[in-house]
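Report on the structure given below.
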Amino acid sequence: MTRTCRMSFELLATDGKARRGRVTFPRGVVETPAFMPVGTYGTVKGMLPRDIEATGAQIILGNTFHLWLRPGTEVIKKHGDLHDFMQWQGPILTDSGGFQVFSLGAMRKIKEEGVYFASPVDG
């Protein structure tokens, strides 16, 4: 199933440089500013999805690089997609893994086509 990524941002209020808003994603709405639990490897440690929801969190953060390493794309695909793997049907924000381009400098090569990493787990 192919999804078109559609999102919108609505500014609800401002106070000086602060702002309050609403981001609408295909999988849900996130009021900003937002509390965003970190599920680096596809899970928030020590919490089930229902427990995360009970905190009022509307979105979860994952890390593309770490998800690629563990559990890996094949494991995620076996579950359908990242939402099904995480058992979280709300919005998920995944960062680009760009931090690892710099933090793992000795384990990467940058080429015109992209960045190539040696796994920090098993080389």
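Annotations
- Violating pairs (Cα-Cα greater than 29 angstrom) within the set K77/K111; K45/K111; K17/K109; K17/K111: K45/K111; K17/K109; K17/K111
- Charge dipole magnitude, Cβ of K and R +1, D and E -1 - the chain, Cα centre, debye nearest 20: 120 debye
- 3J(HN,Hα) from dihedral phi, the range 50-66, Karplus parametrisation 6.51/-1.76/1.60, rounded to Hz, x for glycine, proline: 5, 5, 4, 4, 5, 6, x, 4, 10, 8, 10, 9, x, 10, 4, 4, 5
- The range 1-58: trypsin sites (Lys or Arg not before Pro) in DSSP loop, at most 16 other beta carbons within 10 Å: R3, R6, K17, R27, K45
- Bridge type composition, the chain - antiparallel percent by DSSP, nearest 5: 75 percent
- Extension gain, Q87-V75: 0.36 nm per intervening residue step, less the Cα-Cα distance, totals 2.9 nm.
- Its relative contact order, with pairs defined as Cα atoms under 8 Å and 6+ residues apart, puts the range 8-117 at 21 percent.
- Once backbone amide H atoms are built at 1.01 Å from N, G21 has L12, T32 as its partners under 5 Å, excluding neighbours fewer than 5 places away on the same chain.
Read the figures in this text as sums done on the coordinates, not as results from a lab. Just so we're clear, the structure is a prediction, and the values are computed from it rather than from any experiment. Virtual Cβ from ideal backbone geometry, glycine too; neighbours counted across all protein chains shown.
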